[in-house]
Amino acid sequence: MLPSNLLSPAANLFLLPSTSCSPWIWISRNQSRRNRRRTTMRVEMEVVAPQAGNRLYLGMDFGTSGARFALIDKEGAVCAEGKRDYPLFKNDETIDWARSWKTTLFSLLEDVPNHYRHLVASISIDGTSATTIIVDSNTGQPLSKPLLYNETCPDALPLVKSIAPVNHTVCSASSTLCKLVSWWNSADSNKEYATLLHQADWLLWFLHGKLGVSDYNNALKVGYDPEIESYPPWLLAQPYSMLLPHVKAPGTSIGYLKEDIRSQFGFPNDCIACTGTTDSIAAFLAARATMPGQAVTSLGSTLAIKLLSTNRIDDARFGVYSHRLDNMWLVGGASNTGGAVLRQIFTDKQLEELSKQINPMKSSPLDYYPLTSIGERFPEADPQMAPRLHPRPENDVEYLHGILESIARIEGKGYRLLKDLGATQVEEVLTAGGGSKNEKWTKIRERVLGLPVSRASQTEAAYGAALLALKGARLFMQ
């Protein structure tokens, strides 16, 4: 648990009403500025555009395949949002991701409606966790290609394990620290003038111009300890520690936008850039879970759970680690089960039609462990676990019922594991991802978990980044 002197005065800054507003502007992918289409989202109440003088807050999400922006007002109502695919620039037969991200950043800024730009008070950005960029500390230009979130550096893992505590979050070949150590051991020059940044850090630098600033969510996998608000001594003793960025809390003002950015895009002189977070944390923020015991289950291709806890839990054996979220901890784990298994067996139409025929209040006798391939990581860490999807009944409704209920049991086992490891008991589950749209599955999960389960009203990470921008603006004005 955090000591009392570390409790954040901003702990309740995300307690905003969940609303949507019009005009709602959607810029579809691969659509030119000339061909933008304006649509209005149907709402239950009469809403209007922000009145003159009301400030807006811009969040941008840089995910695995594209980026989005969300523009909200102080009540959390969405005024505009859009998305872009990454343009794929090639450099020696490999994709130049840094150029793609930079180009997309400026495209999204251009996509923000002109008539709203003068009202933007703050901007924040989220990026994929452990996506690492080593840059020149004078120019900000990458010294090597970015290392993506899912890239591994097994060559560095033994060295990292030799200096880090047992089962520490950095003891994974895909951790930021492993990527830093691998670069350090292979680079033959420029070490003295190098700085480590994460994807979100580097993109924010184009806006504020202060190189070497990060947030404690992104910095977790390089070894930063958010509980003591410092890098640990075992990490600072290493020669490559000089590359580590300065770390602030997510949603903290870094500074005003650079003059060239303000003049190019028409943002006001008092607009600030705020530290960001990872894409998964931003998506959690978007769901508006704010109390210990509230959790978000993401039912996408895989199943991931995140729980707000008063206690910090880290256990690399199960891939469980905790992000600091103001005065609480966001404890999470991810299973290999999920929607990808369903897609291997059923079409979307079949899933829709079969689901309608399921009685969610009736327990399925079928006991499966749905996986797409061998290996599980959470709540059971077993790289040799085989998928279990048999026996298959003749009735496909019964088969789908059994699979959905089996995934729900795995979800329940995950939350029980977090409790056994010391996390706060889960009391309510919000749901994100494509599986959240299946009402029968929601009722099955509610019965299996013995908890209230509902669909999150907002699930886009860009919305969570916009909430961070709002938080930063409020703190800046205090």
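The values are calculated or read from the model by the stated rules, or taken from the named source; none is laboratory data. None of the values given here were measured: they were computed from a predicted structure. Glycine gets a Cβ as well: all are built from the backbone with ideal geometry, and neighbour counts include every protein chain shown. Accessible surface is based on the protein model in full, side chains and every heavy atom, while ligands, DNA and RNA are left aside. Shrake-Rupley method; radii C 1.70, N 1.55, O 1.52, S 1.80 Å.
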### Message
To check you understand DSSP bridge types, tell me what percent of the beta bridges within the range 289-456 (both residues inside) are antiparallel, rounded to 5.
### Response
70
### Query
Using a probe of 1.4 angstrom, how much of the accessible area of the range 53-92 is carbon and sulfur, in percent?
39
## Note on the structure
Under the Karplus relation with 6.51, -1.76 and 1.60 and θ = phi - 60°, whole-Hz ³J(HN,Hα) for the range 358-367, x at Gly and Pro, equal 7, 8, x, 8, 9, 6, 8, x, 6, 10
### Task
Report relative contact order for the chain in percent, whole number only (criteria: Cα-Cα under 8 Å, sequence separation at least 6).
17
## Note on the structure
Sequence order, the range 209-217: Karplus ³J(HN,Hα) from phi using 6.51 cos²θ - 1.76 cosθ + 1.60, θ = phi - 60°, Hz rounded, Gly and Pro as x, gives x, 9, 6, x, 10, 9, 10, 7, 6
### Task
Give the distance, in whole Å, between the Cα centre of the range 345-365 and the Cα centre of the range 248-284.
45
### Task
May I ask for the equivalent-ellipsoid semi-axes of the range 290-391, computed as the square root of five times each C-alpha gyration tensor eigenvalue and listed largest first in whole Å?
29, 18, 12
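What accessible area per residue, rounded to a whole number of Å², is obtained for the chain using a probe radius of 1.4 Å? Let's see the in-between values first.
Values: 20750 Å² over 478 residues.
Here the per-residue accessible area is 43 Å².
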### Task
Would you mind checking which residues have amide H under 5 Å from Asp225's amide H? H placed 1.01 Å from N; only 5 or more apart, or other chain.
Ser230, Tyr231
### Query
When the Cα centres of the range 403-475 and the range 223-239 are compared, how far apart do they sit, in Å?
31
### Task
Pick out the long, greasy-scoring helices in the chain: whole DSSP H runs spanning 27 Å or more along their own axis by Cα, mean Kyte-Doolittle at least -0.5.
396-420
### Distant-in-sequence amide H partners of Ile125 (H built 1.01 Å from N, under 5 Å)
Met60, Gly276, Thr277
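For every helix of n ≥ 4 consecutive DSSP H residues, a contribution of -39,500 (n - 2.57) applies; sum these over the chain, divide by its total residues, and give [θ] at 222 nm rounded to the nearest 500 deg cm²/dmol. Walk me through the numbers before you get to the answer.
Working: 13 runs with 135 residues, N = 478.
Using -39500 (n - 2.57) per qualifying helix, the result is -8500 deg cm²/dmol.
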#### Entry: Where labels lie 7 Å past Cα in the beta-carbon direction, separation of Lys356 and Thr152 in nm
4.4
#### Entry: Under-5 Å amide H pairs with Ile254, H placed in peptide plane, nonlocal only
Ala273, Cys274, Thr275
### Task
Check the straight Cα-Cα distances from Lys191 and name the lysines below 19 Å, setting aside those fewer than 8 residues away within the same chain.
Lys145, Lys179
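Would you please put 127-134, 262-269 in order of how densely packed they are, using the mean number of other Cβ atoms within 10 angstrom per residue and starting with the highest?
On the way: 127-134: 25.2, 262-269: 15.0.
Ranked from most to least packed, the peptides come out as 127-134, 262-269.
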### Summary
Note, Leu467: beta-carbon cut-off 15 Å, +1 each Lys/Arg, -1 each Asp/Glu, net -3
### Accessible-area composition of the range 289-456, carbon plus sulfur, in percent [1.4 Å probe]
49
### Summary
Bridge orientation stat for the chain from DSSP, antiparallel percent rounded to 5, came to 70
### Message
Report, in listed order, any pair from Lys248/Lys471; Lys221/Lys471; Lys306/Lys413; Lys437/Lys471; Lys221/Lys248; Lys419/Lys471 with a Cα-Cα distance greater than 19 Å.
### Response
Lys221/Lys471; Lys437/Lys471; Lys419/Lys471
